[in-house]
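Peer 1: Sending over a structure as structure tokens; questions will come in a sec.
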Amino acid sequence: MHANVQPHVLDMRMIESVNNSIRHLSPTEIRSKMKRRSLRRVSIKPSSGVANDMHSGSDWDKAEFVLEELRRQCDTPADLLYRLVEDMVEEMKAGLAKEGGSKDYKMILTYVDKLPSGKERGHFYALDLGGTNFRVLRVSFGQDGSTPVFQEVSIPQEIMLGQHEELFDYIAGKLAEFVSKEDSSYHPRPGCKRELGFTFSFPIKQTSIDSGELIKWTKGFAVEGTAGKDVVQALNEAMERRGLDMVVTALVNDTVGTLAVASLAASKADAGDEVMISVILGTGTNACYVESIDAIPKWKGPKPSSGNMIISMEWGGFSSSLLPRTQYDEALDAVSVNPGEQIFEKLLSGMYLGDIVRRVLLRLAEEAALFGPSVPPNLLIPCILGTPHVSCMHQDKSSDLQEVGRILSNVLGIHETSLELRKLVVEVCSIIAKRAARLAGAGIVGILRKIGRDRSKHDGSSSHRTVVAMDGGLYEHYPLFRAEMKAAVVELLGSEVAENVLIELSKDGSGIGAALLAAAHSKYSRYGW
Ligand code: ADP
Ligand code: MG
């Protein structure tokens, strides 16, 4: 095993090999030579195998080539990000102009034209359906200190793969069970029903605040007969069949819910901050923002009293040819369930970062025999390395990179790694995460530019601070990612403008946010109840 070779011996070999080829060059020349060399695709067969050979200087040289190529291809200098921002703004405008106007952004009309004001009162419910579990919750607004009541329900496989009515009857049954435990203080007034915000995290074509058709099931669901049908109607009918006095008042997605939660927090804080944008960085990624109705030519309805409409961008679909993609991204895309789609999402969301890193490590194993004469079998297993592993390795603060060693060993079956090798793995994680974070930052700046909040106050733009509400496991649990993303936003906006942009974590949009939107769009105007 290479681990038997002392790290300083490896160091010496690497230095020696590099020294031999670049001895006569200046530091600048060395760098440009490395760059030139890395332009050539390295295509070297795995070393055939004598244990002591595998970390010969040339192997490390090859590893350095691969790494240098990765650094260069993933580089996101400000000028590139500015050009991406311009592309984003053009696509946003095209998507707002007409249905299907942008090849990248759907710019979905959410029919949410008002955000919570803080004056909401009463008991509201939320149903969060988007994975193998769904959550039901009740939130009581206007009662300080009252905590939401939750219930999590798993969905049996046979329901996920079953028939349309069975699914909605199952959900209605669980909702009925939930309310059956409530005492009479929660019962609706005569003539009224309990109101529910429905977070439905599958692709839908929304037709009003309380209707939308499922385009197609994803994430393991394959319920027959739902595609093309209105999911709100389906749930309302199932609740009626069940004799449940509940009705859906708002059909939302998690970005809109996040905007709602942050908006309520801002109105309570009363500092005049305006929540304009929300971004989810979780398994997938998306953003929504508050757009002026006058900037939405494809909106054909009456002008909402707020003058605004929240637009869900589906920003994961951005696919500009300027995006810094690599052979690893292309290979990942090719074997994905949706090749050629969601290119932006595949560069930066939690579902993919781990596998991009795995693919780089695999190439290093194959072409530089980085982990020994044979390729560690686990490296060949798609998605074995998750984004939480990447963040854990990247943020390992121990002097001997213990966590890196542990993950390499436990997850990838690569045991007894040297410190140099662990450092190299950390560098791969860092390059991939930094690219992702800076692209997310550019996405935020793209929206700020679209709504004119990327400028200083002196030119007539709003004097309020702009809040960008963030949610999702990737953002929440990866501090270095957050820091890189914020740094990119500051770099692109300049520090003076950036001071007026608050990027803040805002949790549970898909639960509390949905209940809030049900309240804001109440059919019974039950404020004061
Ligand atoms: P979802 O997007 O499925 O609604 P979350 O918002 O909870 O769910 O995000 C989950 C995703 O967040 C996971 O797929 C994972 O990629 C990412 N994630 C979870 N924990 C971490 C972590 N510690 N570091 C980095 N990413 C994480
Ligand atoms: Mg989520």
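The values are calculated or read from the model by the stated rules, or taken from the named source; none is laboratory data. No experiment lies behind these values; they were computed from the predicted model shown. Ideal geometry is used to build each Cβ from the backbone, glycine not excepted, and the neighbour counts take in all protein chains shown. For the accessible areas, the whole protein counts, side chains as well, though only heavy atoms, and no ligand, DNA or RNA atoms are used. Shrake-Rupley method; radii C 1.70, N 1.55, O 1.52, S 1.80 Å.
Peer 1: Is one or more of the residues making up region 383-405 closer than 30 Å to ASP270 by Cβ, out of contact with any Ser or Thr (no Cβ under 7 Å at 6 or more places or on another chain) and not in a helix (DSSP H, G or I)?
Peer 2: Scanning region 383-405 turns up no residue that is closer than 30 Å to ASP270 by Cβ, out of contact with any Ser or Thr (no Cβ under 7 Å at 6 or more places or on another chain) and not in a helix (DSSP H, G or I).
Peer 1: Still on this model: Would you mind stating whether LEU448 is open to solvent by 10 Å² or more (accessible area, probe 1.4 Å), in contact (Cβ under 8 Å) with a residue 12 or more places away in the chain and in contact with a strand residue (DSSP E or B) (Cβ under 9 Å, 6 or more places away or on another chain)?
Peer 2: no
Peer 1: Might you let me know whether region 188-197 holds any residue that is within 16 Å of ligand 2 (Cβ to nearest atom) and touching a Leu at 6+ places or on another chain (Cβ under 8 Å)?
Peer 2: Yes, there is a match, as at least one residue in region 188-197 is within 16 Å of ligand 2 (Cβ to nearest atom) and touching a Leu at 6+ places or on another chain (Cβ under 8 Å).
Peer 1: While we're here: Kindly indicate whether GLY441 is open to solvent by less than 30 Å² (accessible area, probe 1.4 Å), away from ligand 1 (no atom under 16 Å from the Cβ) and on the phi > 0 side of the Ramachandran plot.
Peer 2: Considered against the rule, which asks whether it is open to solvent by less than 30 Å² (accessible area, probe 1.4 Å), away from ligand 1 (no atom under 16 Å from the Cβ) and on the phi > 0 side of the Ramachandran plot, GLY441 comes out as no.
Peer 1: Tell me which helices (runs of 4 or more DSSP H) are completely within region 296-375 and hold 1 or more residues being in contact with a Ser or Thr (Cβ under 8 Å, 6 or more places away or on another chain), or say none if there are none.
Peer 2: 343-348, 350-368
Peer 1: Do we have any residue at all in region 264-282 that's part of a strand (DSSP E or B) and over 30 Å from PRO479 (Cα atoms)?
Peer 2: Within region 264-282, none of the residues are part of a strand (DSSP E or B) and over 30 Å from PRO479 (Cα atoms).
Peer 1: Is at least one residue of region 336-345 in contact with a Gly (Cβ under 9 Å, 6 or more places away or on another chain), within 15 Å of ligand 1 (Cβ to nearest atom) and either within 24 Å of VAL89 (Cα to Cα) or not hydrophobic (A, V, I, L, M, F, W, C) (or both)?
Peer 2: Within region 336-345, one or more residues are in contact with a Gly (Cβ under 9 Å, 6 or more places away or on another chain), within 15 Å of ligand 1 (Cβ to nearest atom) and either within 24 Å of VAL89 (Cα to Cα) or not hydrophobic (A, V, I, L, M, F, W, C) (or both).
Peer 1: Condition test on GLY173, is it open to solvent by 60 Å² or more (accessible area, probe 1.4 Å) and among the small types (Gly, Ala, Ser)?
Peer 2: For GLY173, the condition - open to solvent by 60 Å² or more (accessible area, probe 1.4 Å) and among the small types (Gly, Ala, Ser) - is not met.
Peer 1: Okay, next question. Does any residue in region 262-291 that is within 13 Å of ligand 1 (Cβ to nearest atom) come within less than 8 Å, Cβ to Cβ, of a residue that is in a loop (DSSP other than H, G, I, E, B) and of a type in the set (Asp, Glu) six or more places away or on a different chain, and which pairs are these?
Peer 2: ASN286/GLU314
Peer 1: Looking at the structure I just gave you, is SER336 farther than 25 Å from LEU80 by Cβ, surrounded by fewer than 18 Cβ atoms within 10 Å (Cβ to Cβ) and of a type in the set (Ser, Thr, Tyr)?
Peer 2: It is false that SER336 is farther than 25 Å from LEU80 by Cβ, surrounded by fewer than 18 Cβ atoms within 10 Å (Cβ to Cβ) and of a type in the set (Ser, Thr, Tyr).
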